[in-house]
Amino acid sequence: MLSRHEMLPLSRAGVDTMGCRDSLTNCPSLCRPHQGVPVTSRRLSHAEIVASVAPDTPDADVESVIVDPRHASDDVREFAKSVALGLTDTPPWLHCRFLYDDRGSKLFEEITRQPEYYLTRTEAAILEQNAERICRVTGPVTLIELGSGNSVKTDYLLKAYSAGGSSVRYVPVDVSETILHQAKEAIVERHESVTVTGIADTYERAFPLFKEFSPAMVLFLGSSIGNFDQRESHTFWQGLSDALSSRDYLLLGVDLVKEEATLNAAYNDAAGVTEAFTRNLFARINRELGASIELGQIEHVARYHAERQRVEIYARFRTEQEVYLAPLERTIVVPAGTMVMTEICRKYHLKKMAAYLRCFDFSVEHVFTDEREWFGLLLLQRR
Ligand code: AVI
């Protein structure tokens with residue numbers, strides 16, 4: 001049995017994967033590499049993991065983090081390969097998962113506090129108002145959160161589900177062990193009857209465990225789905241649909257189509273935090289891959305494209321830069337004026353989204369929104 005706060009490695013051999021780490025995993029909070037927390041070396045089989053997390057084990061109050069024992073050197077090489085591929089492509093791009101190193105994650109949290117970035121506080125207010133109702137609809141369920149980050153918004157749900165001392169299992173899934181540990185400490189302190197089992201891995205590699213947690217509700221908040229392109233989104237929904245059992249729930253947060261000026265402001269905050277977030281990607285390339293890109297020559301360009309219903313974020317190179325990638329011993333010349341796409345942030349219409357999700361066997365049970373209809377929270381059920 002696990003002792004409180006023990007970390008478990010997630011066995012690659014024991015858990016089927018979709019081979020997603022190279023191309024499919026686009027969710028920011030899930031795509032941070034491992035950061036600084038020691039990982040135990042014992043690998044567990046799928047069965048052992050399941051046994052250790054099953055809600056009816058005698059040790060059900062155990063807090064654990066299941067960890068994927070990836071090697072840091074693989075991560076760096078994979079990063080270098082993705083950068084080389086993206087910078088030499090037409091048009092050039094960099095995968096948004098690399099935005100979230102330690103500094104990038106901190107900057108993103110700062111973005112969520114900017115007055116122009118309405119998404120986080122609007123969604124939090126919807127959750128605060130409706131958590132009890134959501135709990136009444138679903139009844140007792142294991143709460144599985146994808147890209148949990150610091151789990152702050154989840155607090156409203158944990159409070160509703162643990163009201164009156166009911167025991168609740170919370171399963172945050174995030175690639176950052178550091179974030180999982182921090183979230184776990186905070187949750188255990190605030191909610192006595194909540195048991196936390198963190199999974200430090202990508203969504204897709206965590207999916208095969210989900211059936212063991214049924215009845216469950218998967219939380220996918222913050223409009224993180226908006227950072228997936230169409231192909232990634234399709235693969236994600238099919239994977240999640242297959243991973244859930246019939247009648248399991250999904251609570252999905254989506255940012256809605258709105259006035260262009262509001263969207264442009266949200267991604268161009270006056271304090272320049274979003275700009276620093278974009279620039280940090282290049283600071284990270286310098287730090288981890290041995291490049292020496294002049295950061296002052298990188299300009300943040302973010303604009304809503306109504307015809308594509310998405311904000312597109314680019315890094316514009318003011319001057320030519322030679323990008324040396326040490327792990328590949330290769331230099332890529334990026335000409336002056338090049339626009340490198342670093343993120344897309346898609347915006348949604350509720351009806352269209354509901355119709356799209358029906359294709360993956362999810363039916364809409366309830367839609368919650370704010371007074372201005374800026375953000376939508378969809379409670380869906382797996383048919
Ligand atoms: C994480 N994700 C939902 C954010 C968004 O709004 O698409 C990422 C972000 N990038 C710049 N600002 C926020």
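Any read-out appearing in this document is the output of simple, stated calculations on the displayed coordinates, not a laboratory observation. Owing to the predicted nature of the structure, the values given are computational and were not obtained by experimental measurement. Every residue, glycine as well, gets a Cβ built from its backbone with ideal geometry; the counts of neighbours run over all protein chains shown.
List of remarks:
- Share antiparallel - DSSP beta bridges, segment 239-383, percent rounded to 5: 95 percent
- Counted by Cβ distance under 14 Å from Ala306, the other residues give a net charge of +2, where Lys and Arg count +1 and Asp and Glu count -1.
- Whole-Å distance, taken between Cα centres, linking segment 294-313 and segment 249-287: 9 Å
- For the pair Leu295 and Glu259, label points projected 7 Å from Cα toward Cβ lie 3.5 nm apart.
- Highest to lowest packing among 338-344, 143-149, 368-374, scored as the average C-beta count within 10 Å: 143-149, 338-344, 368-374
- Counting Cα-Cα pairs of segment 63-206 in 10 Å increments starting at 0 gives whole-percent bin shares of 10, 33, 33, 17, 7, 1.
- Among 168-176, 248-256, sorting by the average number of other beta carbon atoms lying within 10 angstrom of each residue, highest first, gives 168-176, 248-256.
- As a calculated quantity, the FRET efficiency between Cys359 and Arg133 at R0 = 22 Å, using C-beta atoms, amounts to about 0.25.
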